[in-house]
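The values are calculated or read from the model by the stated rules, or taken from the named source; none is laboratory data. These figures come from a predicted structure and were not determined experimentally. Cβ atoms come from the backbone with ideal geometry, glycine included; neighbour counts cover every protein chain shown.
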Amino acid sequence: MTRKQQRLGWSILVSLILSSWWIEPSVGAIAAGQSRSPKASSLSTPTLHPPHPLQPTKVRVGFILIDFVGINQITQSYTMQGYLLLQWQDKRLAFQPQKGEKIRTFDKEEIWSPNLHIWNAQDFKLIHESPLKVDPDGNVSYSQRFQATLSSIMNLKKFPFDQQNLKLIIYPDDSVEEIKLMVDRPSTYFEQQAFLPEWSLRNLQSKVTEVQPPFDHTYSIAMFTIVIDREPGFYIWKAFLPLLLITVLAWLSFWMPSVAVGPGPLSVSVGALLTSTTFIFTILNALPRITYLTFFDGFFLLCYILIFASNIVHIFIFHLLHQKKDETALQVRRFFQWSPPLIFGLGSACLVLAFVL
C-alpha cells in the first residue's frame, strides 16, 4: 500500500468518526401492543433539548406510596417502595393518530425527558420503569417503581406519643429557568395495604418550593411528606407500666410493718432502684443517641428520682434509729407514706404539659 493510499484511508476513517458525533438518534414510534404506525417513519426526529427553550418546562410529579419496608430510629431513616409518575408537554411530539392509535411510545434515549434525583436518598433501587408514552396532543408520561432508603430527621421529643414526618425530596438537574416542578395531586396518594409495624399512616402531604444552594442557580424541588403516628400501646404495657409498678414497690416499702423499720425496707427500695436501672437499658437500645429529653426520658427520671429518694429516706430513718430517735424516725416514715404519690402525680402532669400537649 502506497503512502497516498494510507493517507486516503485515514482521511475516510476520521470523517466517519466526526460525522457519527452529529447523527441524532432515530425515533422508535412503536406503541405497546401495536404495529408501527404508517406516519411513524415520517415523524421528524425530536431534539434532546427541553421543549420550551425560552421558558421553563412544567413537569408534574406524582408519588404513590406502595408499602414500607421498615423504619430505623437509630439511623433516622426509612425504607419504602413507591411509584414516581412524571408528566409534561412536548408539542414537537404531537401527531395525527391513525385508526385505533392512541399513544406512541419512546425510549428515554430517543426524546427529551427531565433528569430527576432524590435529594435524601441513602440507597436507591429501580424495580421497573415504563417507556415514555405520548398522546396526540404531545403530552408525555413516564412512571417508575423503585425501592429507596431515605434519611429523614425525626423529632422524638414526644416519644412514644410522637408523630413523624418522613420526607421524600425530588429535584432536577436543571435550574428553575429550564424545569419547574409541579405536584400532580391526583397521582399522589398511598395504597391501602401500606403498613408499618408500630406506626399508623395518617396522610401524604406534598408541596413545591425553590432552593438556591450557595454559588449556584435556583432549583425547583418537590417535597412529599409521609405523616405517621406511633402506636404507643407497646411502650405503655412494656415500659411505662413496669416502671410504674417498680416505683410503687419502692413507695410501699414505707408501709411495711413498724417492726420492719430499719434495713428491711431499704433492701426493697434498693432492689427497685437496681431493677429500674437494668430495665431502662433495654429500652434505650432501640432509640437514637439524641441530646434532648423525650417524654419517656422525663417519666423514667421522675420514677428514678422517687426510687432514689426513697433509698435516701430509708438510710436517714436507719440513721435516726441508730441514734435511738425512734419517734422522729416514725414521723418521717409516716410523712413519706403519702408524699410520693402526690409528687408523682404532680410530676406526671408537668411532663404531659411540657412534652405532649
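Taking interchain pairs and intrachain pairs at least six residues apart, which have beta carbon atoms under 8 angstrom, with the first residue in the stretch 337-355 and closer than 22 Å to Phe159 by Cβ and the second of a type in the set (D, E, K, R)?
These pairs meet every condition: Phe355/Lys157; Phe355/Lys158.
For the stretch 310-327, which residues satisfy the criterion of being surrounded by 14 or more Cβ atoms within 10 Å (Cβ to Cβ), farther than 24 Å from Ile246 by Cα and in contact with a helix residue (DSSP H, G or I) (Cβ under 8 Å, 6 or more places away or on another chain)?
The answer is Leu320, Leu321.
Can you pull out every residue in the stretch 172-196 that is surrounded by fewer than 18 Cβ atoms within 10 Å (Cβ to Cβ), hydroxyl-bearing (Ser, Thr, Tyr) and within 19 Å of the chain's Cα centre (by Cα)?
Hit for the stretch 172-196 is Tyr189, nothing else.
Listed residues Asn120, Asn72; which is surrounded by fewer than 17 Cβ atoms within 10 Å (Cβ to Cβ) and at negative phi?
One residue alone meets the criteria, Asn72.
Within the stretch 212-226, can you find the residues that are surrounded by fewer than 14 Cβ atoms within 10 Å (Cβ to Cβ) and out of contact with any Asp or Glu (no Cβ under 8 Å at 6 or more places or on another chain)?
First, the residues of the stretch 212-226 that are surrounded by fewer than 14 Cβ atoms within 10 Å (Cβ to Cβ): 212-218.
Answer for the stretch 212-226, where residues must be surrounded by fewer than 14 Cβ atoms within 10 Å (Cβ to Cβ) and out of contact with any Asp or Glu (no Cβ under 8 Å at 6 or more places or on another chain): Gln212, Pro213, Pro214, Phe215, Asp216.
In the stretch 316-330, is there at least one residue being under 30 Å from Thr75 (Cβ atoms), at pLDDT 85 or above and out of contact with any Pro (no Cβ under 8 Å at 6 or more places or on another chain)?
Taking the stretch 316-330 and keeping what is under 30 Å from Thr75 (Cβ atoms), we get none.
The answer is no, given that none of the residues of the stretch 316-330 is under 30 Å from Thr75 (Cβ atoms), at pLDDT 85 or above and out of contact with any Pro (no Cβ under 8 Å at 6 or more places or on another chain).
On the basis of being in contact (Cβ under 8 Å) with a residue 40 or more places away in the chain, in contact with a Leu (Cβ under 9 Å, 6 or more places away or on another chain), outside any strand (DSSP E or B) and more than 29 Å from Val356 (Cα to Cα), does Phe159 make the cut?
no
Would you check if Gln55 is over 21 Å from Ser130 (Cα atoms), outside any strand (DSSP E or B) and touching a residue at least 12 places away in the same chain (Cβ under 8 Å)? Before the answer, list the steps.
Details: over 21 Å from Ser130 (Cα atoms): yes; outside any strand (DSSP E or B): yes; touching a residue at least 12 places away in the same chain (Cβ under 8 Å): no.
In short, no.
Just to verify a result, which residue in the stretch 104-117, among those that are surrounded by fewer than 17 Cβ atoms within 10 Å (Cβ to Cβ) and touching a residue at least 40 places away in the same chain (Cβ under 8 Å), is nearest to Gln76 (Cα to Cα)?
By that ranking, first place goes to His117.
Asn285 versus (1) surrounded by 11 or more Cβ atoms within 10 Å (Cβ to Cβ); (2) out of contact with any Gly (no Cβ under 6 Å at 6 or more places or on another chain): which is the lone unmet condition?
With (1) surrounded by 11 or more Cβ atoms within 10 Å (Cβ to Cβ); (2) out of contact with any Gly (no Cβ under 6 Å at 6 or more places or on another chain) applied to Asn285, the lone miss is (1).
Listed here are the residues, each with its yes/no results for (1) touching an Asp or Glu at 6+ places or on another chain (Cβ under 6 Å); (2) of a type in the set (Gly, Ala, Ser); (3) closer than 26 Å to Ala239 by Cα; (4) in contact (Cβ under 8 Å) with a residue 24 or more places away in the chain.
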site: Ser130; (1), (2), (3), (4): no, yes, no, no
site: Val140; (1), (2), (3), (4): yes, no, no, yes
site: Phe146; (1), (2), (3), (4): no, no, no, yes
site: Tyr171; (1), (2), (3), (4): no, no, no, yes
site: Glu178; (1), (2), (3), (4): no, no, no, yes
site: Gln192; (1), (2), (3), (4): no, no, no, no
